[in-house]
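Remarks on the structure that follows.
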């Protein structure tokens, strides 16, 4: 039995909204049609995906498992479609994703010198979309930072770098040559996926700058970020016992691409030493 991607898209909409009516509006189809498609998918899979009762709609264990897998499945399908269209247009192209602080230029230069017929470019990725943009084909290969959701990805460790504390310029520890994590006990920490109560989630390094400069908290960043981003209202201090930041290359698992392999080799050849 082959999975129908259209039904998977319908399922995902219902699973995320937990409401057939709103999902039907989002998908621009009639609710009875959506209900029939979900029933058909459940029949295809041989499992109930939703519990439907007077209290509303909830996911079954099988539904939760399918939702976990559906995002990767749909992203992979989107990536395949995008690459096929590019091939049909006769374009040889490589898009490299990178996180803040990562310098892509040396690897791109080495790659394009060996492949002058390939259009190569770079695109910034963030912590919350670094995996998705690889899986859906928006970027072909990316420099990612841990933590990384590994499902569907091939990962190659590239290098590690020290991390430093990002502090307000007037902070009590600003100007110190080096500190330890214990020196930061009692501070309010800013983390991408763990916002302070009442705060909006952080998404970019620029948002961290604004929060730190305003005195909302402190954070650790890779040394390369400190080198590339300088502000008079921000101070960076080395933290001797902080875990290093890990940079890896990521591409879609199972994808056989000579261009991806060639770029990975070029990136490894110019990687920053540990």
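The values are calculated or read from the model by the stated rules, or taken from the named source; none is laboratory data. In this text, all values refer to a predicted model and were calculated from it rather than measured experimentally. For neighbour counting, all protein chains shown are included, and Cβ atoms are generated from backbone atoms with ideal geometry for every residue, glycine included.
Could you grab me the full set of residues in the stretch 124-139 that are touching a residue at least 40 places away in the same chain (Cβ under 8 Å) and either in contact with a helix residue (DSSP H, G or I) (Cβ under 6 Å, 6 or more places away or on another chain) or in a helix (DSSP H, G or I) (or both)?
In the first step, residues of the stretch 124-139 are kept if they are touching a residue at least 40 places away in the same chain (Cβ under 8 Å); the result is 126-128, 130-132, 134-139.
Matches in the stretch 124-139: 130, 131, 132, 134, 135, 136, 137, 139.
Would you mention how many residues in the stretch 91-107 are surrounded by fewer than 20 Cβ atoms within 10 Å (Cβ to Cβ) and in contact (Cβ under 8 Å) with a residue 60 or more places away in the chain?
Number of matching residues: 4.
Scan the stretch 1-54 for residues that are out of contact with any strand residue (DSSP E or B) (no Cβ under 9 Å at 6 or more places or on another chain), over 17 Å from residue 71 (Cα atoms), in contact (Cβ under 8 Å) with a residue 24 or more places away in the chain and crowded, with 18+ Cβ neighbours inside 10 Å and jot them down.
Matches in the stretch 1-54: 34, 37.
Would you mind telling me which numbered condition in (1) part of a loop (DSSP other than H, G, I, E, B); (2) not assigned by TED's automatic domain parsing to the domain that holds residue 123 residue 219 fails?
(1)
Has the stretch 133-142 got at least one residue that is outside the structural domain of residue 193 (by TED's automatic domain parsing) and surrounded by fewer than 17 Cβ atoms within 10 Å (Cβ to Cβ)? Step through it out loud before you land on a result.
In the first step, residues of the stretch 133-142 are kept if they are outside the structural domain of residue 193 (by TED's automatic domain parsing); the result is 133-142.
Those still in the list that are surrounded by fewer than 17 Cβ atoms within 10 Å (Cβ to Cβ) too: none.
Among the residues of the stretch 133-142, not one is outside the structural domain of residue 193 (by TED's automatic domain parsing) and surrounded by fewer than 17 Cβ atoms within 10 Å (Cβ to Cβ), which makes the answer no.
Which members of the stretch 149-158 meet the condition of being modelled with pLDDT of 95 or more and either surrounded by fewer than 16 Cβ atoms within 10 Å (Cβ to Cβ) or under 24 Å from residue 209 (Cβ atoms) (or both)?
155, 156, 157
So which residues in the stretch 140-157 are over 23 Å from residue 205 (Cα atoms), in contact with a helix residue (DSSP H, G or I) (Cβ under 7 Å, 6 or more places away or on another chain) and not in a loop (DSSP other than H, G, I, E, B), if there are any at all?
Those that are over 23 Å from residue 205 (Cα atoms), in contact with a helix residue (DSSP H, G or I) (Cβ under 7 Å, 6 or more places away or on another chain) and not in a loop (DSSP other than H, G, I, E, B): 153, 156.
Anything in the stretch 163-177 that is farther than 24 Å from residue 128 by Cβ and surrounded by 12 or more Cβ atoms within 10 Å (Cβ to Cβ)? List them, or say none.
If we filter the stretch 163-177 for residues that are farther than 24 Å from residue 128 by Cβ, which is where we start, we get 167-177.
Those that are farther than 24 Å from residue 128 by Cβ and surrounded by 12 or more Cβ atoms within 10 Å (Cβ to Cβ): 167, 168, 169, 171, 173, 174, 176.
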